[in-house]
Each structure stands twice: as structure tokens, then as C-alpha cells.
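Trainee: Below is one structure. I have some questions about it.
The values are calculated or read from the model by the stated rules, or taken from the named source; none is laboratory data. Because the structure is a prediction, the values reported are computed rather than measured. When we count neighbours, we look across all protein chains shown, and the Cβ atoms used for this are built from the backbone with ideal geometry, even at glycine. Ligands, DNA and RNA are stripped out before the accessible areas are found, and what is left, the full protein with its side chains, is counted by its heavy atoms. Shrake-Rupley method; radii C 1.70, N 1.55, O 1.52, S 1.80 Å.
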Amino acid sequence: MCVVTQVTASAPTAPAATPVTRRRIVFLVTALGAFMASLDLSIVNVAFPALERSFPSDPRATLAWVITSYGIVFGSLLVIAGRTADRLGSRRVFFVGLTVFTVGSALCGLAPSVELLVAGRVIQGFGAAALLPASLSLLLAAFPVERRSQVVALWGGVGALAVATGPSLGAALITLGGWRSAFFVNVPIGVVAWFAGRRVLVKSRAGIPGATPDYLGAVLIAVTLAALVLGITEGPTWGWSSAPVIACFVGAVIVGTLFLFRSSRHPEPVLDLTLFTARSFSVANAATFLYSMGFFAMLLGNILFLTSVWHYPILEAGLAVTPGPLVVAVVSAPAGRLASRVGFRPVLLCGFTVFVCGLVWFATRVGLHPDYLAEWLPGTLIIGLGIGLTYPVLSAAAVSSLHPNRFAVGSAVNQTSRQIGGAFGIALLVVILGTPHSLADALAHFHHLWWYAAGVAVLSGLACSVISHKPRVLVAPIAAAVEPAPETQVAV
């Protein structure tokens with residue numbers, strides 16, 4: 001639910017004569033790219049019940065790929081896309097990403113089958129991975145150094161706004177035009193951003209020296225994750241001891257080992273293993289991965305509960321979950337400032353405690369009969385407060401021990417941990433919810449889901465108990481890196 005960005009050394013210098021109006025349009029164009037990519041992280045959850053009704057013959061395990069395929073591709077390519085933007089130019093990569101994402105959105109909206117819908121989501125993932133790092137670089141290029149922290153914070157705020165408004169906006173669109181409108185809405189936004197961008201975005205410095213990014217490594221990690229997710233989601237149907245499921249897990253181990261071997265030797269790897277020599281970086285990313293496994297499962301599970309157990313219409317369900325993201329948007333920035341004063345550990349432990357309390361509230365208080373004000377609203381507000389105190393601080397802790405010229409790749413790895421954890425979380429949601437035979441059975445399964453999310457949040461909090469109290473730079477700068485930027489900004 002948070003967008004993590006940073007001012008990095010590779011950002012081109014802003015031209016002094018850039019007109020104020022042009023700068024504003026550049027901000028709007030790049031923010032639209034971030035808005036679309038972030039919106040799709042939440043809006044599809046609201047569309048999921050409508051997808052189940054449109055494709056009744058497809059099991060939930062198959063439909064879950066509509067969400068997990070996007071996260072796998074996005075997470076696998078994010079680091080590589082940023083390196084590619086450095087080599088080929090951010091403007092070129094931005095327009096490629098924008099075009100691919102818009103085309104993918106249109107294909108999703110037109111898809112007559114789940115298979116083609118998943119294919120469209122994969123294409124969207126490619127586009128989103130290119131959009132985010134390139135849009136930030138272009139934004140930095142348009143503004144002078146003294147304004148960059150401010151505009152990066154605003155840019156990150158647009159991402160937070162997209163996540164906060166995703167449930168209600170998605171619910172309204174789906175109520176008016178069906179689930180396809182949740183994807184078609186990206187098309188006019190993409191077209192406007194494309195034409196406006198062609199007029200104001202200038203070519204950025206390209207051709208930064210260095211080896212070619214490890215594109216094969218990106219394929220290997222995507223295959224590894226897809227095999228694991230497939231084995232988890234189909235385990236209950238195929239049988240956990242069946243040959244296909246075992247093949248998925250064994251294949252994931254083999255391909256994953258090849259990926260790690262390649263990452264340890266490639267000069268521009270997908271996963272820079274030297275970053276993990278810093279305890280804060282390793283712990284924060286492990287905590288992010290665990291946390292996301294419960295967090296993403298909870299997001300989708302809450303929508304499914306409201307529509308399938310309480311029988312809320314999609315519009316009501318979207319509005320019902322909106323207060324939580326709004327609390328996150330309000331709390332995130334103060335939480336980051338508080339962590340910079342008192343240290344990461346106390347804020348994170350407080351946030352995890354609050355988050356777990358909200359999930360325990362759901363698991364012990366929410367019943368079969370709808371009671372929004374007494375049962376649902378308090379839980380979602382508590383959970384929103386917990387998320388606001390944890391996600392942005394985890395992101396800051398992940399890069400706190402890195403040299404400034406490694407902030408970009410460090411935060412990209414943290415984003416990757418988030419997306420991959422979310423993919424696994426959705427896969428486990430399918431297993432936990434199963435196929436209930438009655439409303440009471442369904443309620444019991446949702447209680448199990450909330451206890452599961454609370455459990456992995458506890459594990460994430462325990463990991464954070466050993467995180468460095470205050471930031472310490474432990475990972476050395478890249479030997480051939482350019483001079484580090486004078487400031488950094490973590491925006492939520």
C-alpha cells in the first residue's frame with residue numbers, strides 16, 4: 001500500500017530553464033503512471049467477486065492468477081527495468097512501459113476467458129515494472145535539486161492516494177460497468193499521459209556504462225515464483241503428494257538455485273546479494289516478505305468475506321474497506337518522521353502489535369450477521385493504523401544501512417519482496433478458504449485466514465525486533481558509481 005521512492009545518484013540534472021508550467025505537466029504525467037500501476041494493486045481485489053460470477057466454471061485457484069501473475073512479473077522485473085532505464089534512457093522506457101501497460105489493460109477488459117485475462121495481467125506487469133522507475137527519473141530530471149524532495153513526496157502521495165481510493169473507485173466502476181471497467185479505466189488515462197508526455201518529457205541521459213542487466217535472471221526468478229505459486233494453489237486439487245505438485249516444488253528449487261548462482265556472478269544481477277550483508281537490509285526484507293504474505297491475503301479476503309458471507313453488493317463492500325486505506329494514507333508520513341527520531345524498531349514493533357490486534361478483532365468479533373459499525377469498522381481502522389506504522393518504516397529500514405548510491409536498487413529489492421510475498425499470500429488464501437459447504441463453514445475459514453495473517457505478522461514483528469535501532473551505513477558504495485545525490489526521500 002505504500003510507494004517507496006528515493007532520490008538517487010543516477011537522476012539527470014534538471015535543466016535550469018524548465019518553465020514552471022512544463023514542470024507541473026511533467027509531474028502530472030509521471031504521477032499518472034504511478035497512479036495506474038498502484039491503482040491496479042487494489043482495484044482488482046474489488047473486482048474478484050465479479051470475476052467469480054463471470055467465470056463460474058473456473059475455480060478460485062485459477063482466478064487467483066489474475067492477481068498473482070501481475071505481482072510475479074512486476075516484482076521480477078522491477079530492478080531490471082530500472083537498470084534498463086539507466087542504459088536506454090528513462091523517457092524511452094517510460095513510453096514503452098506506458099504503452100505496454102495500456103495495451104495490457106485493454107486486453108484485460110476485452111478478455112473472453114480467464115486465460116486471456118491472465119495474459120493481459122502479465123502484460124500489465126511488464127508495463128508497470130517499466131513505468132515506476134522511469135517515471136521517477138523523469139520527474140527528478142524536470143526539477144532543481146532543492147525541489148526534488150518535495151516533488152518526490154507528492155509523487156509518492158499519488159501512489160498512496162491510488163491505493164486508498166482503489167476500493168471505492170473500483171467498486172463504483174464495477175457497479176456501473178462490470179469488472180471490465182476496472183481495466184478499461186486505465187486506457188483513457190494512459191492515452192492522456194502518452195500525448196501529454198510526448199510534449200513535455202525531454203530525453204534523459206542514457207548509456208550509463210556497465211554490463212547488460214541480467215534479463216535471463218529475471219526469467220529464472222519469474223519461473224521459480226510461478227512454479228511455487230502453482231504448486232501451492234493447486235495442491236488441494238491435485239493432491240500435495242501428486243507428481244505435478246512435487247514437480248512444481250522440485251522445479252522451483254532447481255531453477256531458484258540457478259537464479260541465485262547466476263545472481264552471485266553476474267555484474268548486473270536481478271538480486272544483488274551483497275546488499276544482504278547488512279543486517280537491517282536482510283531483516284527488513286524478510287519482514288516485508290512475511291508481512292506481505294498476510295497483508296495481501298487479508299486485502300482480498302476481506303472483500304470476499306463482505307460479498308460472500310455478509311452478502312454486501314460490490315459497491316458497499318468497496319466503501320466498507322475504504323476507511324482502512326485512508327487511515328494508512330494519513331498515518332504513513334508521520335510514522336516515517338517518528339521513526340527518524342526514535343528509531344525503526346520501536347515504531348515497527350508498535351505497528352505490528354496494532355496490526356495483529358486488528359486481525360484478532362476480526363477473528364474473534366466478526367460473525368455471520370452483518371454489523372458494520374460494531375464489528376467491522378473498528379477492526380479496519382485498527383488494521384489501517386497498524387499498516388501505516390509498519391509498511392513505510394519497513395521500506396526506510398531496508399535502505400538505511402546502504403550507501404546513498406545504492407538506495408535505488410535497495411528499495412527496488414524491497415518492492416520486489418513485497419510483490420513476491422503478496423503472490424504467495426494470495427496462493428495461500430486459496431488454500432485456506434477452500435470450498436466451504438455452508439455460511440458457517442465459510443465464516444470459520446475466514447477466521448482461519450485472519451489468524452493466519454496475524455501469525456505471519458507476529459513472525460514479521462519478531463524479525464524486526466533484531467533490526468538496527470538507528471540507521472547505520474554498512475554496505476559500501478558501488479566502486480564505479482557516480483557521485484551520490486545530496487539528499488534522499490522516502491515517500492509514502
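Trainee: Among the residues of the stretch 330-382, count how many are open to solvent by less than 30 Å² (accessible area, probe 1.4 Å) and not in a helix (DSSP H, G or I).
Mentor: 3
Trainee: Among what's in the stretch 70-90 and is crowded, with 24+ Cβ neighbours inside 10 Å and small (G, A, S), pick the residue that is farthest from T237 (Cα to Cα).
Mentor: The qualifying residue farthest from T237 (Cα to Cα) is S90.
Trainee: Test P56 against the criterion of being surrounded by fewer than 24 Cβ atoms within 10 Å (Cβ to Cβ) and outside any helix (DSSP H, G or I), and give yes or no.
Mentor: Details: surrounded by fewer than 24 Cβ atoms within 10 Å (Cβ to Cβ): yes; outside any helix (DSSP H, G or I): yes.
Yes: the conditions hold for P56.
Trainee: Search the stretch 257-268 for residues being polar (S, T, N, Q) and part of a helix (DSSP H, G or I), and hand back the single one that is farthest from S395 (Cα to Cα). Please lay out each step first, then the result.
Mentor: Taking the stretch 257-268 as the starting set, the residues that turn out to be polar (S, T, N, Q) are 257, 263-264.
Going one step further and asking which of them are part of a helix (DSSP H, G or I), we end up with 257, 263.
On the way: T257: 27, S263: 22 Å.
Checked the stretch 257-268; the qualifying residue farthest from S395 (Cα to Cα) is T257.
Trainee: Being of a type in the set (A, V, I, L, M), in contact with a Phe, Trp or Tyr (Cβ under 9 Å, 6 or more places away or on another chain) and in a loop (DSSP other than H, G, I, E, B) is the requirement here; does L271 meet it? If you could, list the steps in order and put the result at the bottom.
Mentor: Working: of a type in the set (A, V, I, L, M): yes; in contact with a Phe, Trp or Tyr (Cβ under 9 Å, 6 or more places away or on another chain): yes; in a loop (DSSP other than H, G, I, E, B): yes.
Yes: the conditions hold for L271.
Trainee: Sticking with this structure for a sec: Is it the case, given these coordinates, that F362 is touching a residue at least 40 places away in the same chain (Cβ under 8 Å) and within 22 Å of the chain's Cα centre (by Cα)?
Mentor: On the way: touching a residue at least 40 places away in the same chain (Cβ under 8 Å): yes; within 22 Å of the chain's Cα centre (by Cα): no.
Considered against the rule, which asks whether it is touching a residue at least 40 places away in the same chain (Cβ under 8 Å) and within 22 Å of the chain's Cα centre (by Cα), F362 comes out as no.
Trainee: While we're looking at this one, here's another question. Condition check: modelled with pLDDT of 70 or more and either crowded, with 24+ Cβ neighbours inside 10 Å or closer than 22 Å to V331 by Cβ (or both). Does G455 satisfy that?
Mentor: Values: modelled with pLDDT of 70 or more: yes; either crowded, with 24+ Cβ neighbours inside 10 Å or closer than 22 Å to V331 by Cβ (or both): no.
Spelling it out, it is not the case that G455 is modelled with pLDDT of 70 or more and either crowded, with 24+ Cβ neighbours inside 10 Å or closer than 22 Å to V331 by Cβ (or both).
Trainee: Being of a type outside the set (A, V, I, L, M, F, W, C), open to solvent by less than 20 Å² (accessible area, probe 1.4 Å), more than 23 Å from G235 (Cα to Cα) and touching a helix residue (DSSP H, G or I) at 6+ places or on another chain (Cβ under 8 Å): is that true of G388 here? Explain how you work it out, then say what you get.
Mentor: Details: of a type outside the set (A, V, I, L, M, F, W, C): yes; open to solvent by less than 20 Å² (accessible area, probe 1.4 Å): yes; more than 23 Å from G235 (Cα to Cα): yes; touching a helix residue (DSSP H, G or I) at 6+ places or on another chain (Cβ under 8 Å): yes.
Yes: the conditions hold for G388.
Trainee: Please go through (1) modelled with pLDDT under 95; (2) over 30 Å from L169 (Cβ atoms) for G251 and return the number of the only condition it doesn't satisfy.
Mentor: (1)
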